[in-house]
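The values are calculated or read from the model by the stated rules, or taken from the named source; none is laboratory data. Being a predicted model, the structure only gives us computed values, none of them experimental. Neighbour counts run over all protein chains shown; Cβ positions are idealised from the backbone, glycine included.
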Amino acid sequence: MKEFIRMLGELKYMIPVLRYKWPDLESNTSLAHTFQNSTDKFGERPFVYFEDETWTYSQANKAANSFARYLVKNGVQHGDRVVLFMENRPYYVISLLALNKIGAIGVLINTSLTGDPLIHCINSSDSIKCIVGAERAKPLD
């Protein structure tokens with residue numbers, strides 16, 4: 001009975017999710033578009049808090065745009081797969097945003113993998129590039 005009552009209390013969190021309306025298939029809705037709209041609306045407000053850093057929407061968007069241009073210059077195109085192998089930090093989010101801005105697919109690799117399982121995941125991903133955090137470079141040696 002206690003569990004039932006607890007679940008009733010959780011309904012206030014579940015109802016908005018059940019009411020969510022998915023975007024029309026013809027719309028240009030994507031993470032990149034949504035983030036750009038949020039940046040236009042909340043530009044100088046905090047977007048990411050990480051350790052002693054605070055990134056605003058504008059700072060994160062500028063970094064993501066810069067990284068997206070870098071990726072395109074280095075051959076990443078719409079529809080390409082790119083491995084993302086780094087620990088949680090602001091550049092993880094910025095890398096995902098940059099990939100989404102150019103329409104590339106981020107292949108997220110479990111950071112606890114090493115050796116053959118890691119090699120297998122990377123090789124089976126059909127990725128053309130890897131974005132690797134310095135802290136995860138050693139397992140790739």
Filter segment 67-96 for residues that are polar (S, T, N, Q) and closer than 20 Å to F47 by Cβ; the one that is nearest to the chain's Cα centre (by Cα) is S95
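Does segment 48-69 contain any residue that is surrounded by 10 or more Cβ atoms within 10 Å (Cβ to Cβ), closer than 20 Å to S127 by Cβ and without any contact (Cβ under 8 Å) to a residue 24 or more places away in the chain?
Within segment 48-69, one or more residues are surrounded by 10 or more Cβ atoms within 10 Å (Cβ to Cβ), closer than 20 Å to S127 by Cβ and without any contact (Cβ under 8 Å) to a residue 24 or more places away in the chain.
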Exercise. Out of all the residues in segment 73-80, is one or more surrounded by 11 or more Cβ atoms within 10 Å (Cβ to Cβ), of a type outside the set (K, R) and in contact (Cβ under 8 Å) with a residue 60 or more places away in the chain?
Worked result: no
(message) Taking the criterion of being at pLDDT below 90 and either among the aromatic types (F, W, Y) or in a helix (DSSP H, G or I) (or both), would at least one residue in segment 126-135 satisfy it?
(response) yes
Scanning segment 76-116 residue by residue, those modelled with pLDDT under 95, among the small types (G, A, S) and closer than 16 Å to S127 by Cα turn out to be G79, G103, A104, G106
Scanning segment 117-134 for residues that are hydroxyl-bearing (S, T, Y) and within 18 Å of the chain's Cα centre (by Cα) gives S125, S127
